[in-house]
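The values are calculated or read from the model by the stated rules, or taken from the named source; none is laboratory data. Being a predicted model, the structure only gives us computed values, none of them experimental. Every residue, glycine among them, receives a Cβ derived from its backbone with ideal geometry; neighbour counts consider all protein chains shown. The protein model used for the area step is the full one, side chains on, heavy atoms only, and it has no ligands, DNA or RNA in it. Shrake-Rupley method; radii C 1.70, N 1.55, O 1.52, S 1.80 Å.
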Amino acid sequence: DPDPDPQPGYTLTDPVRVRSVIDGDTIEIIRNDEVFRVRFKGVNAPELYLDSGPEAFAQEAKDFVWDTIGTKEVGLEFDSGCGDDPYATCLDIYDRLLAYVRTDSGDDLALLLLGRGLVEVYQYRGEIFDRLGAYEGAQSDAQGQHAGIWSD
């Protein structure tokens, strides 16, 4: 799996266009004229759309994703457990594609969110995933700095 921290001069492989930002951990992309909803693998953002109103930092997480990627091109990278056809095999129960999102400058978007305390590490049913260690490290740093959701 590619390093979560790419080298300078990084270029996207198989870039896809962002169509919209749903919330702090979900976007819609267009690939070959087909729309996919993408859920960021390994993280969970505060809920934006609740009857009782958004959770703390939900809007900040969405705004950060928008400000970082907007409708630019991004790269999707998949966990090693996805196999050869991730667009068919790496879906959650809501048919969202589970992917790591790479910005056009090469950053792992979830790592950026974690570092700012705008999302937390999420392990579906306790699963181990490729970037768990890196993500836990970024979350620990944010907790130590009382950033975002860790500011209480």
Discussion item. Within 10 Å, at most 10 other Cβ atoms, and a DSSP state outside H, G, I, E, B define an exposed site. Report the longest part of the chain free of exposed chymotrypsin sites (Phe, Trp or Tyr not before Pro).
Written reply: 95-152
Item to complete: Report the extension gain between D5 and W66 in nm, rounded to one decimal, defined as 0.36 nm multiplied by the number of residues separating them, less their alpha carbon distance.
Response: 19.9 nm
Practice prompt. Report the relative contact order of segment 1-60, percent, no decimals, based on alpha-carbon pairs under 8 angstrom and at least 6 residues apart.
Written response: 22
Item to complete: Express the accessible area of the chain per residue in Å², computed with a 1.4 Å probe while the remaining protein chains stay in the model.
Response: 53
Worksheet, complete the sentence: The size of the Cβ-based charge dipole (Lys, Arg +1; Asp, Glu -1) of segment 3-63 about the Cα centre, to the nearest 20 debye, is 220
Fill in: Relative contact order, percent, segment 16-152 [alpha-carbon distance under 8 Å, six or more residues apart]
25
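For n ≥ 4 DSSP H runs only, could you compute -39500 (n - 2.57) per run for the chain, divide by its residues and tell me the 222 nm figure to the nearest 500?
Counting only the DSSP helices, I get -6500 deg cm²/dmol.
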Discussion item. Give me the dipole magnitude in Debye, nearest 20, for the chain about the Cα centre, with unit charges on the beta carbon: positive for Lys and Arg, negative for Asp and Glu.
Written reply: 200
Fill in: Furthest towards positive pole of dipole, V65, N44, Y10, structure part the chain, Cβ charges
V65
Item to complete: Pop out the carbon and sulfur fraction of the accessible area of the chain as a percent, whole number, probe 1.4 Å.
Response: 45
Response to the item:
Full extension between L91 and Y124 adds, at 0.36 nm per residue less the Cα distance, a length in nm of 10.7 nm
